[in-house]
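In what follows, a single structure is set out as structure tokens and then discussed.
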Amino acid sequence: MEAYDWSSLRDQVRPIRENTVTARSRATYQNSYCRFLAWVLKNKAHLIAPQFSGCVGDVEVYSPQQLRARVKEVANQDPRIAPLVFDTLAAEDFVT
């Protein structure tokens, strides 16, 4: 698999994905995702990757709407930055 042309595969898959995920679906997902991340930033900041958190800045200066907009902006800037530290997620984080 080392010699496989991953770039070519991504180029082939991209138009297929763009045709199957409508703009409305993408917007709905992104809105929910950003609301969730904004909640995590405010309530469970230890679950947020430091690089993502650093890009968002001080969450206390934002209204809830501004924080969601800032999260969306940061998430769209560099999709390679993972916002959550998935290894630290536990069921207890969502019931406490």
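The figures follow:
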item	result
Selection from N31, A49, V74, by position along the positive dipole direction of the chain (Cβ)	N31
The chain - Debye-derived log10 I(q)/I(0), Cα point model, q = 0.17, 0.21, 0.24, 0.25 Å⁻¹	-0.86, -1.07, -1.21, -1.26
The stretch 57-73 versus the stretch 1-40: alpha-carbon centroid distance in Å	23 Å
Added length on full extension, which subtracts the Cα-Cα distance from 0.36 nm per residue, T22 to D93	22.4 nm
Packing-based order for 36-42, 55-61, using average beta carbon neighbours within 10 Å, highest first	36-42, 55-61
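Where a number appears in this text, it was derived from the coordinates with a stated rule and is not lab data. As the structure is a prediction and not an experimental result, all values here were calculated from the model. So basically every Cβ, Gly included, is an ideal-geometry build from the backbone, and we count neighbours across all protein chains shown.
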